[in-house]
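Encoded as structure tokens, the structure appears first; notes follow it.
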Amino acid sequence: MSAVDVDTARQELARLATVDLNLLVSLQVLLAERSVTRAATRIGLTQSAMSHSLRRCRKLFNDELLTRVGPSLQLTPRGESLLGPLTELLTRVDQDILGNTRFNPQRAVRRFRVALASSTAVVLLPPLLRRLSAEAPGVTVHTLPLVESGTFRERPDVDLTLLPSNIASPLHRKRLFTDEFVVVSGRNGPTFDGGPTVSDLRRCPHVVCEVDGWTPPYLAMERQGLEWVVRGQVHDCLQLPMLLIRLNDCIAVVQKGLARQFADVGLIRTWPLPIEVPAWGVDMVWNPRGAHDPARAWFESRLVLAAAAEEDQPTGLLLA
């Protein structure tokens, strides 16, 4: 190393020595939680101490980092750009330098940020949260709307996306569960002795949940040359039960797991789908920045167990 290089390295170390590196821990938690109160609770500081840390971080980076938008704090572009690298850096320090490679769920205080569709949340969250309550009382799940790009560019703070199999992603994905589709009607809606037929699919008006193009059953119907009548189209499958209750002549085609949740409380009736539709599933797509996080494998295993528990549940009011 030349004398110039040595002098440059010395200057960089001297500059780094003027920075309180503890601020980086506070900043990572502030950016992840987007709340001074939650961040303070998570690392055991008072709210005033965390507010003081935020002021120091703003001065250090010459940026607001978090700004108030209505009732909540939102990250500035600089804050967004820092969250991923800070998380990766602190994880590597904890594991590679301090040698902490184990995750203790009973003692951990951790929030997993998961982007998923509302239909997946209704099916998966109840068994998952029950399991976390028993095994890891300090671990919570924060759900966020699904971003259909299949990447984490829009939300770098998200740990995991549960992505429907019909949405592409350039990132590695792993199947969490597979589901099939069924026909549903309101509790006072159409009934089908022996199950609905293809003619019934043509005859009965449909309420369709579509976000970005047709779902697999409607694509299958289209390929088979079947025509159907759309009475209404919604962006959230959770709107379907109340619509079907009030639209007594309508039906819908939804995932069996989702239909079971509504059938179990008597809102709808479910029937076999009379056409063949390719299997539909939900895949786990992890944020690459957390590749070295020991908590990730543990959380993934809990997701798998929750999905298996849901699949083992009785079908409810499925009628044949």
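The values are calculated or read from the model by the stated rules, or taken from the named source; none is laboratory data. On a predicted model such as this, the values are computed, not experimentally measured, just so you know. Note that each Cβ is placed from the backbone with ideal geometry, even for glycine, and that neighbours are counted across all protein chains shown. For accessibility, only protein heavy atoms count, side chains too; no ligands or nucleic acids. Shrake-Rupley method; radii C 1.70, N 1.55, O 1.52, S 1.80 Å.
A few remarks follow.
- Residue within segment 261-269 that is in contact (Cβ under 8 Å) with a residue 40 or more places away in the chain and within 20 Å of LEU162 (Cα to Cα) present: yes
- Qualifying residues in segment 273-292 (those that are open to solvent by 30 Å² or more (accessible area, probe 1.4 Å) and modelled with pLDDT under 85) - the one nearest to THR151 (Cα to Cα): ARG289
- Every pair of residues 6+ apart whose Cβ atoms lie under 7 Å, when the first sits in segment 228-249 and is closer than 16 Å to THR215 by Cβ while the second is open to solvent by 60 Å² or more (accessible area, probe 1.4 Å) and part of a loop (DSSP other than H, G, I, E, B): HIS235/VAL211
- Of the residues making up segment 223-280, those that are polar (S, T, N, Q) and over 21 Å from GLU310 (Cα atoms) are GLN224, GLN233, GLN239, ASN248.
- Any hit, segment 102-113, residues being out of contact with any helix residue (DSSP H, G or I) (no Cβ under 6 Å at 6 or more places or on another chain) and modelled with pLDDT of 90 or more: yes
- Some residue of segment 133-146 being part of a loop (DSSP other than H, G, I, E, B), within 12 Å of the chain's Cα centre (by Cα) and either crowded, with 16+ Cβ neighbours inside 10 Å or in contact (Cβ under 8 Å) with a residue 60 or more places away in the chain (or both): yes
- Among the residues of segment 1-46, those identified as at pLDDT below 85, β-branched (Val, Ile, Thr) and more than 26 Å from the chain's Cα centre (by Cα) are VAL4, VAL6, THR8, THR18, VAL19.
- Where LEU303 falls short, out of the listed (1) assigned to a helix (DSSP H, G or I); (2) modelled with pLDDT under 90; (3) not polar (S, T, N, Q): (2)
- When residues in segment 258-272 are screened for being closer than 19 Å to ASP193 by Cβ and either small (Gly, Ala, Ser) or open to solvent by 40 Å² or more (accessible area, probe 1.4 Å) (or both), 3 of them pass.
- Test: residue in segment 186-199 that is of a type in the set (Gly, Ala, Ser) and modelled with pLDDT under 90: yes
- Check on GLN255, touching a helix residue (DSSP H, G or I) at 6+ places or on another chain (Cβ under 7 Å), open to solvent by 10 Å² or more (accessible area, probe 1.4 Å), over 14 Å from PRO217 (Cβ atoms) and not small (Gly, Ala, Ser): no
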